[in-house]
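Every number here is computed from the coordinates shown, using simple stated rules; none is lab data. Note that the structure is predicted; figures quoted are calculated from it, not measured. All Cβ positions, glycine included, derive from the backbone under ideal geometry; neighbour counts span all protein chains shown.
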Amino acid sequence: MDLNNYITNVPDFPKEGIQFKDITPLIGDNEAFRFAINEMASFARAKGAEVIVGPDARGFIFGTPIAYALNLGFVPVRKPGKLPRETFEKTYDLEYGSNTLAIHKTEITPGQKIVIADDLLATGGTIDATIDLLSELGAEVVGCVFLIELDFLKGRDKLKDIPVKSLLHY
């Protein structure tokens with residue numbers, strides 16, 4: 001199945017010069033979405049994932065069905081103030097400012113094998129910060145899986161030796 005047929009390019013969104021890759025046609029099509037999830041789950045299975053982690057918010061769209069398909073748990077990485085119990089947080093730099101991610105301290109067991117799932121790998125900042133959070137909790141990130149990778153932004157370089165699978169490349 002050619003998943004490119006389910007991605008809509010939206011010029012100048014959210015600002016002029018950006019070519020936004022709209023995934024809503026893909027997630028709205030049962031066959032395309034099932035195909036994408038099965039491909040992503042196959043990668044996570046091959047990496048020996050014990051838990052799937054997804055960053056807020058589109059990582060939830062892909063991470064939870066992958067976890068369900070593999071009979072694994074899903075752990076969300078959220079923006080600060082969104083998780084009700086004690087969290088561990090990581091602040092990271094963006095091109096114009098910074099962002100912070102949080103995870104419950106008790107959801108990850110040291111040594112657990114984690115696959116991170118998200119919709120898009122761009123500059124790699126969010127995923128790099130997620131990896132740092134998980135490493136601080138003693139987890140082993142065994143892979144990262146994405147629907148789309150924007151190759152020209154070189155986000156993969158930040159992930160160093162962690163195996164990466166992206167279903168679509170732009």
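May I ask you to sort GLU86, GLU107, GLU136 by Cβ crowding, counting other Cβ atoms within 10 Å and putting the fewest first? Least crowded to most crowded, the residues run GLU86, GLU136, GLU107. Note on ASP132, ASP22, ASP118: ascending count of other Cβ atoms within 10 Å places them as ASP22, ASP132, ASP118, the fewest first. Summarising the amide proton neighbourhood of PHE20: residues at separation of 5 or more, or on other chains, whose placed amide H is nearer than 5 Å comprise VAL10, ASP12, PHE13. Counting other Cβ atoms within 10 Å as a rough exposure proxy, the listed residues PHE60, PHE20 run PHE20, PHE60 from fewest neighbours to most.
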